[in-house]
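Report on one structure; see the data block that follows.
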Amino acid sequence: MEKRPTPRAVLFDAYGTLFDVYSVGLTAGQLFPGHGEALARLWRDKQIEYTRLVSMSGPAHYRPFWALTRDALGFSAESLGLTLTPEAELRLLNAYRHLSVFPENHGVLQALKDRGIRTGILSNGDPEMLDVTVKSAGLGGLLDLVLSVHATRRYKTDPAAYQVGVDALGLPAREVLFVSSNGWDAVGATWFGFTTLWVNRQGAPLERLGTAPHHTGRTLRDVLACFPD
């Protein structure tokens, strides 16, 4: 793989990378004992599937990420034979607005800030959704940008979604480190031209698509190794 310059900025995926999407399993388990983990995982899988379906079908079929998240929850509960009352739906959606953050996040973002490196989020989440989650996690003061793909009416891995980051930073894609814990997202960002870091928290196999991210790590701390002193 070609040698790349030291990045000048970092863009983080939000859901799964900075925010633990499976932390909703705790609330799900309280509502549906014995089914919390299964509901959390199916919910996430269906949410991502819906983003791909609407992106492939064109802008006319676009729906905001929050709407897809809500509908993916309804589908997943029904698939598992769970009765999702309005009260249960509200609790689970509120849990999604206030996802847990991974323990190293604050320290890594502070270290990047101390080094003068610009940081931001580039996410499928719509702006209002991101605003609530970022504030809830206490990350607002550590990020220079919180970017949503919403205006493009496309979701990652569509090139238009990644272009949002390039336009906002005013840098060539190769000078931006894009960080994601989602293997498919890391591959899509590599195709786009970003310098990429896949945070492989689960020890998952590499997607078999003929492309590998430029860097692979196990936690967000591995971001710092991409910026040698």
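The values are calculated or read from the model by the stated rules, or taken from the named source; none is laboratory data. Being a predicted model, the structure only gives us computed values, none of them experimental. Virtual Cβ from ideal backbone geometry, glycine too; neighbours counted across all protein chains shown. Note: accessible area is taken over every heavy atom of the protein model, side chains too, but ligands, DNA and RNA are not part of it. Shrake-Rupley method; radii C 1.70, N 1.55, O 1.52, S 1.80 Å.
What number of residues within segment 23-52 satisfy the criterion of being touching a Lys or Arg at 6+ places or on another chain (Cβ under 7 Å) and either free of Cβ contacts under 8 Å to residues at least 40 places away in the same chain or open to solvent by less than 30 Å² (accessible area, probe 1.4 Å) (or both)?
The qualifying residues number 1.
If I filter segment 136-179 down to residues being acidic (D, E) and closer than 13 Å to L11 by Cα, which single residue comes out as nearest to the chain's Cα centre (by Cα)?
Per the stated criteria, the residue is D144.
Select from segment 146-162 the residues that are part of a helix (DSSP H, G or I) and either under 20 Å from D131 (Cβ atoms) or touching a residue at least 12 places away in the same chain (Cβ under 8 Å) (or both) and list them in ascending order.
Selection gives H150, A151, T152, P159, A161, Y162.
Taking into account only those residues within segment 215-229 that are open to solvent by 40 Å² or more (accessible area, probe 1.4 Å) and more than 16 Å from F19 (Cα to Cα), which is modelled with the lowest pLDDT?
D229
From V187, V179, V166, which residue is part of a strand (DSSP E or B), of a type in the set (V, I, T) and at pLDDT 95 or above?
The unique qualifying residue is V179.
Please count how many residues of segment 190-200 are free of Cβ contacts under 8 Å to residues at least 60 places away in the same chain and either outside any loop (DSSP other than H, G, I, E, B) or under 16 Å from the mean Cα position of the chain (by Cα) (or both).
7
Among what's in segment 55-88 and is modelled with pLDDT of 95 or more, not hydroxyl-bearing (S, T, Y) and not in a helix (DSSP H, G or I), pick the residue that is most open to solvent (accessible area, probe 1.4 Å).
R63
May I ask you to list the residues in segment 89-116 that are assigned to a helix (DSSP H, G or I), in contact (Cβ under 8 Å) with a residue 40 or more places away in the chain and open to solvent by less than 30 Å² (accessible area, probe 1.4 Å)?
L92, A95, Y96, N105, V108, A111, L112
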